[in-house]
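Take a look at the structure below.
Only the coordinates and a few stated rules stand behind these numbers; no lab work does. Fair warning: this is a prediction, and the values are worked out from it, not measured in the lab. Cβ sites come from the backbone with ideal geometry, for glycine too, and all protein chains shown count toward neighbours.
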Amino acid sequence: MTLVNRWYQILQLLVTHKEMTIGGLKQKLIASTQTVKTSIESLNEELIGIAEIVQHKNDFHIEIEDFEKFDLIMNGSLKRKSDFNSSSKRVFFIVKQLIEQKDFVLIDDLSEALGVSRSTVVKDLRVMKKLIASFNVEVIGTPNRGLRMVGQELDLRLLHLHYVQEYFAEHPLSAHTKHYVENLIQNFSLPKTQELLLKKTISITMKRLLKGNILVDLPHEYIDLMTEHPDFIELIHHLEYEYSITLSQTEQAFLSFPLNLSGIDSMDQTSMDEQKIEGLFQQMMEKVHESLLVELDESFLYYEIRDHFRYMLNRLIFRVELQDLFYGEIESQYPLAYELAKIGLQQIGERLERAIPPVEISYVAFYFELALRRQTSTNEHKEIAIVCNTGKGTALIIRRQLERVLGPQINLVHFSEEEYQKENLDQYFAVFTTIPLKNVKKHTPIIRLTNLFNETWLQEEWRKAEKLRAASHDHLKLDFEVLDDKKTYKENLTDMLVSLERKGLVDQEFIAHLFVREKLKSTIFEYGIAFPHAINKKSAEIILSVGIFRNTLSTINGQVQVVLLLAIPQDLTIKKEKELLKLYDQLFAVIGDPEFRSELCRLEDLVGLQCWMRRKGIIT
């Protein structure tokens, strides 16, 4: 990473977060403590009179003095000020030359223009080719003629827009146009990022058109709600008159894309192609269902995600990334929702020929989490037992205090010391008691009422009860196998299934059904995890068989360290469905943690697995 790029990463982190520790900065920058501190020192020299990065103990934060000049810096002024000692600036100079020159460009000419050796240019070209590969463009080299960039006009414009214009100021617009655009920005109340993007888009469009580079088409998935807007139509008329050009419908649609990345009050929502959005949403959900057996209220999810989905599609098409406010936190907080979002958006990415940025996965994961919570929320009150040996008066006081602190979403049932022994207390979500209790299972939360009127204590005990319930799986059976890396993945999977069949947990129908699913869609996920699963008619319990390889197994679909084989009962009660979703969440949390995977692969037997899962809070 060049110094100027590191500066901008530091600035983005400190603008997004109120403060960050040196450890946090090291992790995000993938740099040493000394490199981080040196980078901050040199950055502060560039920011004199504008802003300052201040260290207080182990934390860093930014103090801004001149907001207007700071906006210019955040919009790339430090990159434009850099010279050709910066490898990034050299790389994008080469990109600029190749985009703008229709003829071949010689390496020697690039070397001379940059003031560096031919070997340095060759190294920069290797870096450049990797960077532009994601833009679906390529550089063709012809002996004795040089280099030439080949690609669709949309991709060339976006490459120029997002990278070249970061380092090289463009001035193709007249003062009259700049004034016109400023008025449009005020009318639409555009945020800074969209304001800058609109100016850059108009700039690159005029520059390309005046040199005869025409945009023929745009992706069908683009959702344009602005080309009929009166203010935008006026802008088009101005540009056509000012530059003596005619803007096709495609060019107009391209010019409008910065206005279609978020909601604008006067936007014509009635022109939205609802069928297009719904069709893409359904494709996303089909991908999810192919990979995981999970039920969601799709009508609710679509209603919640629809507006975000529309703007997300446009951002993906035009390669505009949202500011990342999460930095990996969503994946760890909501592992199942994140996995569903990642699987679903993979389908959208394939359709659009775009890589999905992690920040988009994080935002969509929020909507999946809403749907999952709705799925597991049955609107019924939690059943709470109160065991009290001091009479109904005391029980009533306890009841009122619990209702006041814990809220109305609970049903309270009172038992005397004699009555509770005839009752199955394990059926209750939690038990509040003034006396020691016997014959209660350990996964049933028991709260001894010693500080009833200490609300902080009471809330903390309730949180503990919820955590204990979250780790309880009343309908889960576990199995464990050490697998053979000399055999194929299918052979190992067969061994696991045969073992379950011998124990009477699955039958041949389940085995056949699972292999049909495996043939249709590989269930080998990232991080060396295989997650085969299917509906099981043989057992009413949720069955999880964990298979581990001492040495990683290589397959055509990826490497495998751990196999999580899940047999899901055909008739899921509400309680079992909650347990299944909870188990999914816990398993995907394990999948994403390399330390957890390593620990799993060192286990010896079922007892070891059970002990490990208890330590991790997966089961009680």
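Between Arg502 and Glu274, residue separation times 0.36 nm minus the direct Cα-Cα distance comes to 76.9 nm.
Beyond a 32 Å Cα-Cα separation, which of these cross-linked pairs lie in this structure: Lys438/Lys616; Lys537/Lys616; Lys538/Lys616; Lys490/Lys616; Lys26/Lys123? Mind dumping the intermediate values first?
Numbers: Lys438/Lys616 27 Å; Lys537/Lys616 30 Å; Lys538/Lys616 29 Å; Lys490/Lys616 29 Å; Lys26/Lys123 27 Å.
Table pairs above 32 Å Cα-Cα: there are none.
Computed from the Cβ-Cβ distance with R0 of 22 Å, the FRET efficiency linking Thr494 to Glu290 stands at 0.50.
Peptides 560-571, 480-491 ranked from most to least packed by the mean count of surrounding Cβ atoms within 10 Å: 560-571, 480-491. Note on Arg615 and Glu418: the extension gain reaches 67.4 nm, defined as 0.36 nm multiplied by sequence separation minus the Cα-Cα distance. If R0 is 45 Å, the Cβ-Cβ spacing of Leu131 and His513 corresponds to a FRET efficiency of close to 0.50. Apply the Debye scattering formula to segment 87-167, with a single equal point scatterer on each alpha-carbon and no solvent, then give log10 I(q)/I(0) at q = 0.11 Å⁻¹. Scattering profile of segment 87-167, log10 relative to I(0): -0.24. Ranked by the mean number of other Cβ atoms within 10 Å per residue, highest first, peptides 76-82, 422-428 order as 76-82, 422-428.
Tell me whether segment 274-372 comes out rounded, prolate or oblate; compute the Cα gyration tensor, take square roots of the eigenvalues as a ≥ b ≥ c, and use a/c under 1.5 as the rounded threshold. Since a/c stays below 1.5, the shape of segment 274-372 is classed as rounded. Here the label points at Phe429 and Lys81, each 7 Å from Cα along the C-beta direction, are separated by 5.8 nm in the simple model. Once you divide the Cα radius of gyration of segment 1-133 by 2.2 N^0.38 Å, the number left is 1.23.
Each residue of segment 5-16 is assigned a 3J(HN,Hα), and the resulting list reads 5, 5, 4, 5, 5, 4, 4, 4, 5, 7, 6, 6 Hz, derived from the Karplus form 6.51 cos²θ - 1.76 cosθ + 1.60 (θ = phi - 60°), x at Gly and Pro. For the listed peptides 196-209, 126-139, a ranking on the average number of other beta carbons within 10 Å per residue, highest first, reads 196-209, 126-139.
Of the listed values [x] 29.1; [y] 27.4; [z] 25.1, grab the one calculated as Kirkwood radius over Cα pairs in Å from the structure here. Matching the structure shown: [x]. Scaled against the 2.2 N^0.38 Å expected of a compact globular protein of N residues, the Cα radius of gyration of segment 476-615 reads 0.98.
Hey, what number do you get for the chain at 222 nm if only DSSP H runs of n ≥ 4 count, each worth -39500 (n - 2.57), divided across all residues, to the nearest 500? Kindly include the intermediate steps, with their values, before the conclusion.
On the way: 26 runs with 323 residues, N = 620.
-16500 deg cm²/dmol, from helical runs alone.
If r is the Cβ-Cβ distance from Glu153 to Ile30 and R0 is 30 Å, what FRET efficiency results, to the nearest 0.05? Result of the calculation: an efficiency of 0.25.
Annotation: average projected area of segment 175-271 is 6.1 square nanometres, based on the convex hull of Cα atoms across all directions. Relative contact order of segment 476-615: 28 percent, from C-alpha pairs under 8 Å at least 6 residues apart in sequence.
Projecting the Cα atoms of Pro172, Ile62, Gln249 onto the charge dipole of the chain (Cβ charges, centred on the Cα centre) puts Ile62 farthest toward the positive pole.
Using the C-alpha gyration tensor of segment 23-82, what are the square roots of 5 times its eigenvalues, in whole angstrom, with the largest one first?
Working: eigenvalues 92, 41, 19 Å².
Gyration-tensor ellipsoid for segment 23-82: 21, 14, 10 Å.
Classify segment 81-124 from the C-alpha gyration tensor, please: rounded if a/c falls under 1.5, else prolate or oblate depending on whether a/b exceeds b/c. Show your work: numbers first, answer last.
Values: a/c = 2.03, a/b = 1.27, b/c = 1.60.
Oblate.
Beta-bridge orientation, segment 476-615: approximately 45 percent antiparallel, per DSSP, counting only bridges with both partners inside. Approximating the spin labels as points 7 Å out from Cα along Cα→Cβ, the Lys441-to-Glu41 distance works out to 6.2 nm. For Glu19 and Asn5, the difference between the fully extended length at 0.36 nm per residue and the C-alpha to C-alpha distance is 3.1 nm. Listing Cys388, Cys611 from fewest to most neighbouring C-beta atoms within 10 Å gives Cys611, Cys388.
Before anything else, pin down the relative contact order of segment 4-79: Cα pairs under 8 Å, at least 6 apart, normalised by residue count, whole percent.
After rounding, I find 31 percent.
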